[in-house]
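Notes to accompany the following structure.
The values are calculated or read from the model by the stated rules, or taken from the named source; none is laboratory data. Keep in mind it's a predicted model, so treat the numbers as computed, not measured. Methodologically, a virtual Cβ is constructed for each residue, glycine included, from the backbone with ideal geometry; neighbour enumeration extends over all protein chains shown. Keep in mind that these areas ignore ligands, DNA and RNA; they rest on the heavy atoms of the full protein, side chains included. Shrake-Rupley method; radii C 1.70, N 1.55, O 1.52, S 1.80 Å.
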Amino acid sequence: MEKLLKYLLIILGVTGGICLIYFLAMALMIGYAFGSFDKIYSTSELKEEYFSKEIEIKELVSYYNKIKPKNYSIDIEFKDDEILERLEITTSKDSAFNVIYQGWDVRVADLQNDSLKNILNWEVDVVTELKVKLDKANCISVEDGEPIKIGFKRSGLGMYSFNIFQSIQTDRTEYNNQCEYILVNRYLALQYGGGAIGAQCFPDKN
């Protein structure tokens, strides 16, 4: 009887240990997926990051403006040299934006397919150069618009971005709400978007 109880306790102990390891592993996986271990940038750090790469970011914006297709707005984010994290193409009609393409984990090679190439008109070397300029600027994405949004780094589902104003006429008021946006000067507003389920304000405003 004592041996049976001993074996039972051993089995329970081993089973409990395995369950504990499993739950810890799951917690770590969920944490990584939602960015629990990603770096949190303060607004001061973001300013430093921007001004340390200001020339490269201006070159990136200039290059994008040269290659962007007419009548379409592009939101493109690179995962690496071969894969796009996401690609969204919209067109403006009757003052409303219509999404005509939206994809995740898009192969860069797929941009040469007729359906996308007819819109973007980007050859392989154009996309390669865009990725090179993003890397030089230490950034990952470009979203067309005024201001043009340059994605800096992801934090889980959220994103730190630099909004670059290209027109003096643009109303800066909404870009200084001290929550999602921090207006730095007439040319730059920092942005933090927490994604679909995250907080929409900067986690560190120092």
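Quick notes
- Residue check for Lys79: under 17 Å from the mean Cα position of the chain (by Cα) and open to solvent by 90 Å² or more (accessible area, probe 1.4 Å): yes
- Top-ranked residue in region 141-166 [being modelled with pLDDT of 95 or more and among the hydrophobic types (A, V, I, L, M, F, W, C); ranked as farthest from Ser62 (Cα to Cα)]: Phe152
- So Ser44, is it in contact (Cβ under 8 Å) with a residue 12 or more places away in the chain, surrounded by 11 or more Cβ atoms within 10 Å (Cβ to Cβ), hydroxyl-bearing (Ser, Thr, Tyr) and assigned to a helix (DSSP H, G or I): yes
- Total residues in region 54-76, condition of a type in the set (Val, Ile, Thr), in contact with a strand residue (DSSP E or B) (Cβ under 7 Å, 6 or more places away or on another chain) and open to solvent by 40 Å² or more (accessible area, probe 1.4 Å): 0
- Condition broken by Ala33, with the remaining ones in (1) surrounded by 15 or more Cβ atoms within 10 Å (Cβ to Cβ); (2) modelled with pLDDT under 95 satisfied: (1)
- There is no residue in region 168-181 that is of a type outside the set (D, E, K, R) and open to solvent by less than 20 Å² (accessible area, probe 1.4 Å).
- Close pairs from region 153-172: first closer than 15 Å to Gln200 by Cα and in contact (Cβ under 8 Å) with a residue 40 or more places away in the chain, partner open to solvent by less than 10 Å² (accessible area, probe 1.4 Å) and of a type in the set (A, V, I, L, M), Cβ under 7 Å, at least 6 apart: Tyr160/Leu46
- Check on Lys79, touching a Leu at 6+ places or on another chain (Cβ under 9 Å) and at pLDDT 95 or above: no
- Any hit, region 130-138, residues being in contact (Cβ under 8 Å) with a residue 40 or more places away in the chain, charged (D, E, K, R) and touching a Ser or Thr at 6+ places or on another chain (Cβ under 8 Å): no
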